[in-house]
Structures are given as structure tokens and as C-alpha cells.
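What follows is a short report on a single structure.
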2 protein chains.
Amino acid sequence: MTDVAWIAVDWGTSHVRAWLMRADGTVLDRRSSAQGMGSLDRAGFEPALRALVGDALPAPVLACGMVGSRQGWAEAPYAAVPCAPPSAAEAVRVTGTDLDVRILPGVKQVKPADVMRGEETQIAGFLAMSPGFDGVICLPGTHTKWAHVSAGEIVSFRTAMTGEMFALLSEQSVLRHSVGDGWDADSFAAGVDQSLSRPEGLAAALFSLRAEGLLDGLPGDAARARLSGLLVGAELAAMRPYWLGQQVALIGAEALSSAYAEALKTQGVPSQMADAEEMTLAGLTAAYTQIYGEAA
Amino acid sequence: MTDVAWIAVDWGTSHVRAWLMRADGTVLDRRSSAQGMGSLDRAGFEPALRALVGDALPAPVLACGMVGSRQGWAEAPYAAVPCAPPSAAEAVRVTGTDLDVRILPGVKQVKPADVMRGEETQIAGFLAMSPGFDGVICLPGTHTKWAHVSAGEIVSFRTAMTGEMFALLSEQSVLRHSVGDGWDADSFAAGVDQSLSRPEGLAAALFSLRAEGLLDGLPGDAARARLSGLLVGAELAAMRPYWLGQQVALIGAEALSSAYAEALKTQGVPSQMADAEEMTLAGLTAAYTQIYGEAA
């Protein structure tokens, strides 16, 4: 595939996504597989990459995400806030392979301690498309990140494990017996409001979902949406210093970002939404042009 | 085994415990197995009981716990607070068997919705041994219960899923990489204090354990104890109306009850401890004598 100028890779814990890029910045093909960092040892990364995009190699590869963690292909040490999203100059070249693979660093915060890997590239992509942006970026997901961005730098950020908590509670705790597959927007809003107005009540509010299921026949849709609302509300309570009186840019999957947008709206906070995959690709593209130039 | 006057059974979700009782109230033998309610369908209970105590049958059996739930051997409908712990007169006789098996009901609260099965029998046992008790009983466990008890009745109660949350987060979430096997009392106290003074910060505080593990080398013992402290502190924040200005009786496993006692002590709340198994047996014994009389 001689049209491939380079390969953009978002290599997370559970998945890997690749874009085969033309020199003009357009996408020739998109690929993905479940060979995430979490399922690979160090020797497994090159075969996984070849299995996914072998026909486009040896085009140079620029990757972000958990592939750069200590358990990844090569460790790309964190940049520390306040800092711009790591540039291509800070990318780590993977050794022990004939391929040209570079991995972008993650970002850390010393106090309160926090880390991100992959989200900094989405932030870079967002900034590439909105260069003057000054405000708060929220990246909803398994581990939702909230970042204060100003003058092109990540000033501070925090992580809430809301997505992971929701998955564990709805699929593996006693609440799984009461939680269904559907959604009920009013129940979500009620959960958000309950946690925001009484964040100290969360520990007792969760089991009520089970008890109401048993005693009152609480529908599964309502239970699922209220559980999500209680957890997102608890996250918003923790992140109030980030969003209070701010505009928030949401970068994430559409359904999840919409839920966050609804929750923020109840607090009078306006938000805009951007697609996570698009921002990742924009961030990788911005970094690639830093290395190889526009005309590469 | 002709010495066996009756069999006391605590049949929970994951385990079943049985005591072979002499007529004079002493224990001839203790047995237990992993054939809890959760692993049995309705036809499985009698074989499981025979496997555990077949040599002592057909002595009458009095049971408490999840065996009386809708998914149990026979449903024993909840009594509603305010009420005394259900008496033997309310026990449900299991049909479809030659055995004499009776199951004690659980207790429900209509609003806020809540349920217990098994803990009411521990409360009954505690009241049998401390008849004039007026105050708050906390039963730490997978689903910790807080009950206000007065004049021999359960007035109100709430449940916090603290034990289950701790197990899920420490064993299955990303925090498992940072959490060790040991314990550090100062870290537990710090977690309790953090959640009690800033309960709204919990969502962000949890991921810090992972980040401090990565960036600061936070020891696994400290991470495990702080995680427990954060969750117990969040529970105490939710249950403040129960313990504030009260004496608390803790009924549970010794290590867990001690942790709760320490946490309460930091808030100036005195507590006493009672063993969960002893209280269960005392409660079942009190109910048995209601049916068959002291000299049965």
C-alpha cells in the first residue's frame, strides 16, 4: 500500500485503533482489534501491529495511549503539568524492531497525584482545531478526565473512575439483579440531582436501587439510569472546581457525552461536544507534522 | 445423633452454617459449607441440607438469611419497620419436604426502601443478651447495615454496600495494580478522615491511589488501607444521622468491626463489639424457644 505515508495508532488497554494516512492528511483506511496493551507482553506488540497493519508497513508509526506505559511496548515518561500536550519531539522511539514506531508520552500531575495516557493527545487534537480555547475539557469514559486548559497548556487535571464503577456495580454487584439494559432520562437526572445535592449520601443511595427493585418493582431501565446518574452526580460534586461557572468541552463517545451534557445543563453549565476518535486522530496528526513536516 | 434437639441454620448467599443444638442450649457440633443460596435452585436446598447435617435429621430446623428470599427455598415475607425482629410465630414452614424446616422472615423499610435478611436475627440475638439496649447497631459486612433500635424494636435502618465496593475496587478495578495484601492503620485513618471531611471528593480520591502508586511508589499496604478508609468514611458520612452523639454496638467479624470501631473513635463515638456468629446463634435460639419452649 504505497499510498500510506504514515500510520496513526491509538493503543489503549483493551483495544488498538489504527488509521492508514495519506500524505495529504486524509484517511485511507481504519482498522481496529482487541489486542490492547492489557492482553500483550512486551514481545507481543510487534506481532499485534503487523497483524493489524502489516500491509502498510514499513510506513512510520506514531502511537499514543497505554502502549507507552511501563507495561507497554516502550515506556514514554510522563510530562508534568503545567505543560502543553506532549509534542512529537518528546516521543519515544521503540528499540529492538526494524520498524519506525514512536510513542507519545502521557501527562502527570504531582499533587494531587494523577496521570493520563491518550487523553492528552485528544486534548492536543481539540486544541489543534480550536487554537484559542481557554476553559475546561472533560473526557468521559472508563476513567473520566477533567482538565483545565489555558494558553495551549494543560494547567491541572483530575480523574474519576465513574465508568469503571458503573460497569462493576451494574454487572458484578448485587445491583445487577435490579439493573436492566435500557435508559430513562428522568431517572438519570434524578440521580445526578440526588448526588449533587447530597454527595455524602451516596453510600446509602446505591443499595436503595436494589431495595426499590425488590419492594417497589423499580423498572430495570430506571435503576440503570439512576445508578449512572448517582455516579455522574458524585463525579460532578468532586469536580465542581473544574466546571463551576465555566464552559465545558466534552470529548467522548456520543451517548456518554450527551449524558454528561444533560447533567451539566441541570447545573446551568453549557457544553460543546467533540468526537473522541476524531480528536485522537487530529492530535496524532498534529504531532506527526511536528516530526515530519506538512509535506511528509 | 439422638442428642440433637434442633438445628440452627444461617443460610446466606455464599455460605451455609449449621449448629447442632442440645436441648439444654449447648452446641454439639458446628458445620458449614459453600452451598449458599446463590449457588442453589429450589430443588437444591434439601440435598444441601442433608449433605451438611443429614446425620442429625429429622431434628427440626430453624433457619435465617437469604434462604428465605424469593430465590431461596421458601419465601418468608419481610416484616416492616418499626417492628421487633421477626418472631418464630412468623417463621414460614417449608413445604414439599418431610423435614421440619422453618425460615425466619427478613425485615424491610418502605421509605427509604431497604431490606435485610439475616441481620435481624443477629439483632434479635443481641437484644436477647442485652434486653434493655436502646441505641444504634452497626453490622459491618458485604452490605453493612445500620439500625436504630429502641424498646426492643428496629425503628429504622439503612444499608451501605461498602464491603462489596471494597472487594470490587481492590480486586477487579484498575486499583488492583496498586492495592496490596497488608494493612496500615494510619492510612486507614487518613482515608476515613478524608471522606468524612470531604465526602463530595470521593470520586476523585479513588483514582489517586493508582496515580500515587505509579508516581510516588505508594506501598500496597497503605493503598489497601486508605481505600478501605475512604469507603468506610463515605459510609460514615452517609450514616451520620445514625451514629452522631450515639453509642454504637458493632456486630461483625472481629477485624472488620475493629476497623469500624477505630473509625468511629476518630469521631468521638464509643462502640462495643459483639461476634456475628454468636449473635446469629443467640437469635436463632431465642426464636426456637418461642416455638418449642425452654424445655424442648
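May I ask you to list the residues in region B:138-167 that are within 11 Å of chain A (Cβ to nearest Cβ) and not in a strand (DSSP E or B)?
The answer is B:142, B:143, B:161, B:162, B:163, B:164, B:165, B:167.
When you go through B:41, B:29, B:100 one by one, which is the residue that is open to solvent by 50 Å² or more (accessible area, probe 1.4 Å), more than 26 Å from residue A:174 (Cα to Cα) and of a type outside the set (Gly, Ala, Ser)?
Selected residue: B:29, the only one of B:41, B:29, B:100 that is open to solvent by 50 Å² or more (accessible area, probe 1.4 Å), more than 26 Å from residue A:174 (Cα to Cα) and of a type outside the set (Gly, Ala, Ser).
Quick test for you: out of B:14, B:87, pick the one residue that is under 13 Å from residue B:284 (Cα atoms), open to solvent by 20 Å² or more (accessible area, probe 1.4 Å) and within 19 Å of the chain's Cα centre (by Cα).
Step by step, each of B:14, B:87 is checked, and only B:87 is under 13 Å from residue B:284 (Cα atoms), open to solvent by 20 Å² or more (accessible area, probe 1.4 Å) and within 19 Å of the chain's Cα centre (by Cα).
Listed residues B:125, B:65; which is assigned by the TED database to the domain that holds residue B:29, surrounded by 23 or more Cβ atoms within 10 Å (Cβ to Cβ) and closer than 30 Å to residue B:228 by Cα?
Matching residue, one of B:125, B:65: B:65.
Taking only pairs six or more apart or across chains, which ones have beta-carbon atoms under 6 Å, a first residue in region B:207-236 that is more than 12 Å from chain A (Cβ to nearest Cβ) and of a type outside the set (Asp, Glu), and a second residue that is outside any helix (DSSP H, G or I) and surrounded by fewer than 23 Cβ atoms within 10 Å (Cβ to Cβ)?
Filtered contacts from region B:207-236: B:220/B:180; B:222/B:184; B:224/B:180; B:225/B:183; B:225/B:184.
For residue B:278, all conditions in the list (1) facing chain A (nearest Cβ under 10 Å); (2) part of a helix (DSSP H, G or I); (3) open to solvent by 20 Å² or more (accessible area, probe 1.4 Å); (4) touching a residue at least 40 places away in the same chain (Cβ under 8 Å) hold save one; what is the number of the exception?
Of the numbered conditions (1) facing chain A (nearest Cβ under 10 Å); (2) part of a helix (DSSP H, G or I); (3) open to solvent by 20 Å² or more (accessible area, probe 1.4 Å); (4) touching a residue at least 40 places away in the same chain (Cβ under 8 Å), the odd one out for residue B:278 is (1).
How many residues are among the acidic types (Asp, Glu) and within 14 Å of another protein chain (Cβ to nearest Cβ) when one looks only at region A:96-116?
The qualifying residues number 1.
Residue by residue, here is whether (1) touching an Asp or Glu at 6+ places or on another chain (Cβ under 9 Å); (2) assigned to a helix (DSSP H, G or I); (3) modelled with pLDDT of 95 or more holds:
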{"residue": "B:25", "(1), (2), (3)": "yes, no, no"}
{"residue": "B:29", "(1), (2), (3)": "no, no, yes"}
{"residue": "B:38", "(1), (2), (3)": "no, yes, no"}
{"residue": "B:51", "(1), (2), (3)": "no, yes, yes"}
{"residue": "B:74", "(1), (2), (3)": "no, no, yes"}
{"residue": "B:89", "(1), (2), (3)": "no, yes, no"}
{"residue": "B:95", "(1), (2), (3)": "no, no, yes"}
{"residue": "B:102", "(1), (2), (3)": "no, no, yes"}
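Could you please give the count of residues in region B:107-122 that are touching an Asp or Glu at 6+ places or on another chain (Cβ under 6 Å) and either of a type in the set (Val, Ile, Thr) or crowded, with 22+ Cβ neighbours inside 10 Å (or both)?
Matching residues across region B:107-122 total 1.
What is the number of the single condition among (1) outside the structural domain of residue A:154 (by the TED database); (2) within 22 Å of residue A:251 (Cβ to Cβ); (3) open to solvent by 20 Å² or more (accessible area, probe 1.4 Å); (4) of a type outside the set (S, T, N, Q) that residue A:133 does not meet?
That leaves (1) as the condition not met.
Against the definition (open to solvent by less than 30 Å² (accessible area, probe 1.4 Å) and hydroxyl-bearing (Ser, Thr, Tyr)), how does residue A:150 come out, yes or no?
no
Residues of region B:136-146 being open to solvent by less than 30 Å² (accessible area, probe 1.4 Å) and free of Cβ contacts under 8 Å to residues at least 40 places away in the same chain, which ones?
The answer is B:145, and nothing else.
Is one or more of the residues making up region B:77-94 within 22 Å of residue B:41 (Cα to Cα), aromatic (Phe, Trp, Tyr) and away from chain A (no Cβ under 13 Å)?
Within region B:77-94, not a single residue is within 22 Å of residue B:41 (Cα to Cα), aromatic (Phe, Trp, Tyr) and away from chain A (no Cβ under 13 Å).
Does residue B:188 qualify as being aromatic (Phe, Trp, Tyr) and either facing chain A (nearest Cβ under 8 Å) or free of Cβ contacts under 8 Å to residues at least 12 places away in the same chain (or both)?
So residue B:188 fails the test.
Can we say residue B:83 is touching a Lys or Arg at 6+ places or on another chain (Cβ under 9 Å), outside the structural domain of residue B:137 (by the TED database) and not basic (Lys, Arg)?
no
A quick yes/no check of all residues on (1) modelled with pLDDT of 95 or more; (2) assigned to a loop (DSSP other than H, G, I, E, B); (3) open to solvent by 50 Å² or more (accessible area, probe 1.4 Å):
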position: A:169; (1), (2), (3): yes, no, no
position: A:175; (1), (2), (3): yes, no, no
position: A:189; (1), (2), (3): yes, no, no
position: A:200; (1), (2), (3): no, no, yes
position: A:233; (1), (2), (3): yes, no, no
position: A:237; (1), (2), (3): yes, no, no
position: A:249; (1), (2), (3): yes, no, no
position: A:259; (1), (2), (3): yes, no, no
position: A:272; (1), (2), (3): yes, no, yes
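The values are calculated or read from the model by the stated rules, or taken from the named source; none is laboratory data. Since this is a predicted model, take the numbers as computed values, not measurements. We place every Cβ from the backbone using ideal geometry, glycine too, and count neighbours over all the protein chains shown. These area figures cover heavy atoms from the full protein model, side chains too; ligands, DNA and RNA do not enter into them. Shrake-Rupley method; radii C 1.70, N 1.55, O 1.52, S 1.80 Å.
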